[in-house]
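What follows is a set of notes on a single structure, which appears directly below.
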Amino acid sequence: MASVSDLPRTMSTPTLTLAPPEPEDVGLVADLMGVPADAERPAEIIETWREHWETHGYGTWIVRDGSGSRVGFVGLRTNADFIRLTLRFIEVDGGAVLAAEALRLVAAYVIEYLPDLPLRIRLAPEDQATREVVESAGMEHVSELDHVVGEDEWLVLELPYIRIVDRIPPRARTAMLEMWARVNDTGGAVGFVSGATTEDIAPVLDGYVDGLEAGHTVGVALNSPEGELIGFGFVVAAAGALIGHSATLERVMTDPARRGRNFGALLMAGLHRAARERGTELVTLDYRGGTGLGEFYRRHGYTEVGRVPGAIRVAPGDDRDSVIMARSL
């Protein structure tokens, strides 16, 4: 984890901005509580949030929409063995969309920067609207954590976690090969022509296993709270004294059966974390043209820096560009 002073404090997209609370944000809290802005409790809450930021370097973000209006908050609070998530948004048209977008940013932030503690939220079973927002950010119901307090029943959802590895056990190798084949079969640009089998893919995966053993490669796996493989990729260090501060992200993929749940963003956050922990300052990657992946990578801070026309032959008469992108960490 980065030091408190190094953690990013703000996040933004073209449609919203997240920033730590300021005293003038008391009006939003009062509106959400249904009390006057000069009531004591909203000011106390803002002060508690600000103290958490000063102590931990993260906490509750105030969310503003594209016009600058305060529309809600997404909060993180440290507990002994997990980080508690809370969120509230004003009931306006499009509020659920903004809430989902804000929470997706925060979920990736947790993966990339925060301690190795589970991120959890508890919801009332009837709160289906919030559950849909939370699940869209990648969180999953963990029934064994459900509990009752007094007469109130609570469901608990948890964010997937990242595992950074220097070896791949046999069971994990099998799961990775099977996912790789599924991604390839559903049109994913992962280095093979359509119809490649796990036997075709195995030598390439084993090449990365050799890299792990040699120490110039690390594996990054995104796992569900129950430990199921959701996605994976590799960080491959550049060779040579002049470029030793850089690395390449390779074979980045997520389970095609789980698309649309923010898992790609979470995996990218884990890859960036793994690269940063190795002292990497610059990461590059390449992708197959014609797949639409450029926009995905641009949203994660990448800029196109090169293109080799027709370098990838998917099939006779179907040549694609190899597109190279880079970003600073």
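General remarks:
- So LEU18, is it under 29 Å from ARG298 (Cα atoms), at pLDDT below 95 and surrounded by 13 or more Cβ atoms within 10 Å (Cβ to Cβ): no
- Odd one out for TYR208, checked against (1) assigned to a strand (DSSP E or B); (2) touching a residue at least 40 places away in the same chain (Cβ under 8 Å); (3) out of contact with any helix residue (DSSP H, G or I) (no Cβ under 7 Å at 6 or more places or on another chain): (1)
- Total residues in the range 267-293 satisfying the condition of being in contact (Cβ under 8 Å) with a residue 40 or more places away in the chain and touching a strand residue (DSSP E or B) at 6+ places or on another chain (Cβ under 6 Å): the figure is 13.
- Taken over the range 235-263, residues that are closer than 20 Å to VAL134 by Cβ and in contact with a strand residue (DSSP E or B) (Cβ under 7 Å, 6 or more places away or on another chain) amount to 4.
- Some residue of the range 251-260 being modelled with pLDDT of 95 or more, in contact with a His (Cβ under 8 Å, 6 or more places away or on another chain) and within 20 Å of ALA108 (Cα to Cα): no
- Tabulated pairs, the range 31-60, first within 20 Å of ALA107 (Cα to Cα), second open to solvent by 80 Å² or more (accessible area, probe 1.4 Å) and hydroxyl-bearing (Ser, Thr, Tyr), C-beta under 9 angstrom, 6+ apart or interchain: GLY57/SER5
- The residue pairs whose first member lies in the range 243-264 and is at positive phi, whose second member is crowded, with 20+ Cβ neighbours inside 10 Å and assigned to a strand (DSSP E or B), and whose beta carbons are closer than 9 Å, counting only pairs six or more residues apart or on different chains, are ARG251/PHE232; ARG251/GLY233; ARG251/PHE234.
- Residue in the range 1-51 that is nearest to ALA99 (Cα to Cα), counting only those that are assigned to a loop (DSSP other than H, G, I, E, B) and among the hydroxyl-bearing types (Ser, Thr, Tyr): THR15
- Positions within the range 254-296 being among the β-branched types (Val, Ile, Thr), open to solvent by 10 Å² or more (accessible area, probe 1.4 Å) and more than 16 Å from the chain's Cα centre (by Cα), in sequence order: THR280, THR284, THR291
- Scanning the range 298-323 for residues that are open to solvent by 90 Å² or more (accessible area, probe 1.4 Å) and within 20 Å of THR284 (Cα to Cα) yields ARG298, ARG299, VAL305, ARG307, PRO309.
- Number of residues in the range 71-90 that are open to solvent by 80 Å² or more (accessible area, probe 1.4 Å) and either under 15 Å from ASP31 (Cα atoms) or part of a loop (DSSP other than H, G, I, E, B) (or both) equals 3.
- Checked across the range 212-234, the condition of being aromatic (Phe, Trp, Tyr), farther than 17 Å from PRO256 by Cβ, assigned to a helix (DSSP H, G or I) and in contact (Cβ under 8 Å) with a residue 12 or more places away in the chain holds for no residue.
- Number of residues in the range 92-116 that are free of Cβ contacts under 8 Å to residues at least 24 places away in the same chain and surrounded by 23 or more Cβ atoms within 10 Å (Cβ to Cβ): the value is 0.
- Of the set (1) more than 29 Å from ASP210 (Cβ to Cβ); (2) out of contact with any Lys or Arg (no Cβ under 8 Å at 6 or more places or on another chain); (3) among the acidic types (Asp, Glu), all apply to ASP319 but (2).
The values are calculated or read from the model by the stated rules, or taken from the named source; none is laboratory data. Quick caveat: nothing in here was measured; it's all calculated off a predicted structure. Because the Cβ atoms are built from the backbone with ideal geometry, glycine has one as well, and the counts that use them run over all protein chains shown. Heads up: the accessible areas ignore ligands, DNA and RNA and are worked out on the full protein's heavy atoms, side chains in. Shrake-Rupley method; radii C 1.70, N 1.55, O 1.52, S 1.80 Å.
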